[in-house]
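Just below is one structure, and these are the notes that go with it.
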Amino acid sequence: MKPKNRRGSSNAQAGSAVETSERRKFEIVAREDFSDVTYLLEIHHPLMARAAKPGQFVIVMSHEHGERIPLTIADFDRVKGTITLVIQAVGKTTREMQQSCQVGAALYGLVGPMGVPSHIGGARKVACVGGGLGVAPTFPLARAFKENGAYVIGIVGFRTKDLVFWEDKFRACCDEFIICTNDGSAGIKGLITDGIELAIEKHPDIGELVAIGPPIMMKACAEATRPHKIKTVVSVNPIMVDGTGMCGGCRVKVGGQVKFACVDGPDFDGHQVDFDDLMSRLRRFSQAERAATERWSESCRMKYPIGPGSPGLPSPDQADEALALPDPFEEAKGG
Amino acid sequence: MAKKKTIRTIPQKRAPMRQQDAHRRAKNFEEVNCGYGLEDALHEAERCLDCPDAACIEGCPVGIDIPGFIMKIGAKDFRGAYDLITQTNLLPAICGRVCPQESQCEGVCPVGETLEPVAIGRLERWVGDLAIAEGWSNIPYIEPNGFKVGIVGSGPAGMACAADMAKAGCDVTVYEAFHQAGGVLRYGIPDFRLPNEVIDAEVDNLRKLGIKFECNTLVGRLFTIEQMIDEMDYDAVFIGTGAGYPQLMGIPGDSLNGVLSANELLTRCNLMRAREFPNYDTPVPIGRRVAVIGSGNTAMDALRVCLRLGAEKVHCIYRRTQAESPARAEELHHAEEEGIEFHWLTSPVEILDDGKGKVRAMRCIRMELGEPDASGRRRPVPVAGSEFEFETDMVVFAIGTNANPIIGQTSKLNLDKRGYIEADASLATSMAGVFAGGDIVTGAATVIEAMGAGRKAARSMKAYLGIRDADAAGLTERQGSSGKLFGIDLNERNFARVRVA
């Protein structure tokens, strides 16, 4: 069928309307809520499911006026033709998506898989460390290492028991599995680095450690392994626009050199990454982000404020306006 | 027929371009140049001498029949003028706006030797705009030839190549990583120079040729060039991914918050429409005192965007002088009119922290011009002991770009030392059936040069596929090359391979 042709009329909407006629549909086929802030989306995209490899990410645009946010691929199913994203509702976009992204709805934009896939090296014994939302993208890594014949030690950290997810999936592909919670409500009580210490004590021959999570946690992981000289790979999560190496917004300092996380990473040597620089750069838009979230929280009891072309929303009273703005580091990649 | 025009008989003065007032326009994103009216166009068309050896055609990277279309305007056959332009250039409304005509067609116009040259670009734009307003489009009769052609990147090179291949009868799909087609025209060039509606209209014209645009598709990562040829049944592929990887200066402090590339600023503002934040979700915090480093066309765009976003003062910092500035004269002039302050012979050496990870100021050094360098321009040399502090809270780097690395990372194509794709004179790459052109081969250049490369690649692609190429015949005559045998152009190899549709 020939696409409908419309001449550009008065503004940008006209252009995007034309775009829609040939647009791929990125349909949400399944959703699971892990907690009142963490949710999982399974999106139909057979081509991407086939291409995705552990460590890669996508850029999502939830609606026409939305921003492009990078999210790490948490899983992919080549048979079903889906990719899985685990998202934490921390900012305006992710909270809005928590409402709008129901089964049957579609994302406006989804592009990827982006970034250089994680190198699944020949290490015999590997520790896969995930903190908070970073637990999700750690899973395909652990599975890949396992399939590669490594002895896999899974170490995950959450704030509390209620936030724990995917324990079963990890147990299925890890030879050993350690959960740490800050309050001790599940697994061992303590920080994720306590879990790492424990693992290193028991297995001094760990060949590689992969850590994904908030920058402060990855920094701590890198410091924990540095004295033991264990190769440590971290997956950084800076702010991005295009994800194709074009804007340079995601630049990070690695070993004194400037790298673009989107095309040179997102995996880098944890002992070389300048985490303080990364954390500082993540605060770039904190003011604008806070303003947007506040504005959105106020308006979301009204009819959907953004305008035409937006996906349908569930009833507005589901909006949870009482959330305090959490750590901005948890925004961006991984949700 | 009217009597022969001479330099004495034509109107001596160019029809002026109506412009938005500098003070008013510095606050809005509406177009600066309002375009010609009918009277202006007829006046300007009168000024063309219709030279027999038309230097302007040679000066045009795509070889538009310039005197031809201007004569048609003069004869009030506007549709005819449009038809003539679109034989070689499907995007007149875009090229008429963004081409550096002063160094191309208008630069070689003989009228320009004594008077101001004929305003070819403005006339082209007028025809293009008229076509959009009237809803004209030229859809030739296309007989499908069964070949499938994939185009990577929907910027000017990709669009030009796609148009030619579609007209030749190929089934053409254009892949774009962003969510909207247009490439640099969309994310890079601001609305006040090239309104989005113009891009929409021109992209629509391509759709009418049967070209499919697939946005949200990152070729290289979603599927590779090799997969396109081996698994997805593409008979030929054109790569026009551009040179989008921004350069930074590598000076202390360039990762501070408030330091960004012109690409990031422009993408946020143009494509993501951050200027309408919070109605659009993408933010672009703007400084009070902005410093843009560099003085090319991208720098001019960045400067003027910052002004429109509400910066109090916008400064251009350039290490050479105005004479060496690579920006178009018109853009420089517009920027000056709008109140941009230029600091020639100045270069930053360090960006200073306010203690909270944000920009407080820059340390700059004065330069002086020394011996000419490889580019023929005089090399700037720092003046010892001339360092000074320059107060600023936002620094934008517009000092050039490098090759986009994604295709190189994900395919076995040969690259040159700097990471650009290696292509021969016909723009064929090291992989059979894969062609490349535009910035990803040559490094950053202009829109029309990229379009010229796209068309050149299309010619090579047709030769490779064995499609008879009506365009090539005319072209070889002009280039004075080998010529024809039995009416078949020698450039058309493999013509026996044409498949029955």
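Brief remarks on what is shown
- Straight-line cross-link reach from B:Lys167 at under 26 Å between alpha-carbon atoms covers these lysines, not counting any fewer than eight positions away in the same chain: A:Lys2, A:Lys4, B:Lys72, B:Lys148, B:Lys208, B:Lys212, B:Lys456, B:Lys462, B:Lys484.
- The figure for B:Thr282 is an accessible area of roughly 10 square angstrom, using a 1.4 Å probe on the protein chains alone.
- Per-residue shielding of B:274-286, expressed as the average number of other chain Cβ atoms within 10 Å of the residue Cβ, stands at 6.
- Which of A:His44, A:Ala74, A:Ala292, positive extreme of dipole for the protein assembly as shown (C-beta unit charges): A:His44
- Tilt relative to chain B, helix B:156-167 - C-alpha long axis, 0 to 90 degrees, to 10: 10
- Cut-off under 5 Å, modelled amide H: who pairs with A:Leu110 long-range: A:Met61
- Whole-percent carbon and sulfur share, accessible surface of chain B, 1.4 Å: 51
- When the charge dipole of the protein assembly as shown is built from unit charges on Cβ atoms (+1 for Lys and Arg, -1 for Asp and Glu) and taken about the Cα centre, the candidate among B:Trp344, B:Gly240, A:Gln272 whose Cα reaches farthest toward its positive end is B:Gly240.
- Once the C-beta distance of B:Arg18 and B:Ala133 is scaled by a Förster radius of 22 Å, the resulting FRET efficiency is 0.85 to the nearest 0.05.
- Short-range pairs are left out: with C-alpha atoms under 8 Å and at least six residues apart, the relative contact order of chain B is 15 percent.
- The alpha carbons of region B:83-138 stretch over 38, 19, 17 Å along the principal axes, in descending order.
- Alpha-carbon centroid distance for the pair region B:117-189 / region A:169-228, whole angstrom: 54
- Cα centroid separation, region B:253-319 to region B:60-86 (Å): 38
- Shape of region B:129-192, Cα gyration tensor, a/c cut at 1.5: oblate
- For region B:204-244, the gyration tensor built on C-alpha atoms gives an oblate shape. Its axis ratio a/c (a ≥ b ≥ c) is at least 1.5, and a/b is not larger than b/c.
- Rounded to the nearest 0.05, the FRET efficiency derived from the C-beta distance between B:Glu341 and B:Leu115 at R0 = 41 Å is 0.80.
- Computed E for B:Glu368/B:Ser430 - FRET, C-beta separation, R0 45 angstrom, nearest 0.05: 0.55
- Sequence-distant residues sharing a close amide H with A:His45 (under 5 Å, placed H): A:Thr82, A:Ile83
- Rounded to whole Å, sorted largest first: equivalent-ellipsoid semi-axes of region A:111-229, Cα gyration tensor: 20, 17, 14
- Taking amide H as placed 1.01 Å from N in the peptide plane, the amide H of B:Phe238 sits under 5 Å from that of B:Gly150, B:Ile151, B:Val152, B:Phe435, each at least 5 places away or on another chain.
- Look at where the Cα atoms of region B:15-50 and of region B:364-440 average out, and the two centres are 34 Å apart.
- 3J(HN,Hα) couplings calculated from phi for region A:281-289 with the Karplus curve 6.51 cos²θ - 1.76 cosθ + 1.60 (θ = phi - 60°) are, in sequence order, 5, 5, 8, 3, 10, 4, 5, 4, 5 Hz; Gly and Pro show x.
- Spin-label model, B:Lys412 to A:Glu167: label points 7 Å out along the Cα-to-beta-carbon direction sit 4.9 nm apart.
- Partners of A:Lys53 within straight-line reach, counting lysines whose Cα lies under 18 Å from its Cα and excluding those fewer than 8 residues away in the same chain: A:Lys80, A:Lys146, A:Lys169, A:Lys333.
- Taken residue by residue and averaged, Cβ atoms of other chains lying within 10 Å of the Cβ of B:34-42 number 0.
- The heavy atoms of A:Arg251 offer some 10 square angstrom of accessible surface to a 1.4 angstrom probe.
- For B:403-411, mean number of other protein chain Cβ atoms within 10 Å: 3
- Region B:85-181 - percent relative contact order, Cα under 8 Å, separation 6 or more: 24
- Within a straight-line Cα-Cα reach of under 21 Å, B:Lys76 can be paired with the following lysines, leaving aside sequence neighbours fewer than 8 residues apart in one chain: B:Lys3, B:Lys4, B:Lys5, B:Lys13.
- Inter-label distance, nm, simple model (7 Å from Cα along the C-beta direction), A:Gln272/A:Gln102: 4.8
- Helix B:447-465 and the longest principal axis of the C-alpha atoms of chain B enclose an angle of approximately 40°.
- Between A:Arg290 and B:Asp53, the simple spin-label model (points 7 angstrom out along Cα→Cβ) gives 7.0 nm.
- Helical content alone sets the calculated 222 nm signal of chain B at -9000 deg cm²/dmol, taking -39,500 (n - 2.57) per DSSP H segment of four or more residues and averaging over every residue.
- Restriction of the GluC sites (Glu not before Pro) in region B:27-135 to DSSP coil positions whose beta-carbon has at most 13 other beta-carbons within 10 angstrom yields B:Glu30.
- Acute angle (nearest 10 degrees) that the helix B:470-479 long axis makes with the longest principal axis of chain B, alpha-carbon atoms: 70
- Solvent-accessible surface (1.4 angstrom probe) belonging to B:Cys56, in square angstrom, nearest 10: 20
- Neighbour cut-off at most 16 other Cβ (10 Å), DSSP loop, trypsin sites (Lys or Arg not before Pro), region B:362-409: B:Arg377
- Cα-Cα separations in the protein assembly as shown greater than 37 Å, expressed as whole percent: 47
- Remark: the B:Leu38-B:Asp230 segment gains 63.9 nm on full extension, using 0.36 nm per residue and subtracting the alpha carbon distance.
- Peptides B:454-462, B:21-29, A:61-69 ordered by average Cβ neighbours within 10 Å, highest first: B:454-462, A:61-69, B:21-29
The values are calculated or read from the model by the stated rules, or taken from the named source; none is laboratory data. Just so it is clear, the model here is predicted, and its values are computed rather than measured. Every residue, glycine among them, receives a Cβ derived from its backbone with ideal geometry; neighbour counts consider all protein chains shown. All accessible areas refer to the heavy atoms of the entire protein, side chains included, with ligands and DNA or RNA removed. Shrake-Rupley method; radii C 1.70, N 1.55, O 1.52, S 1.80 Å.
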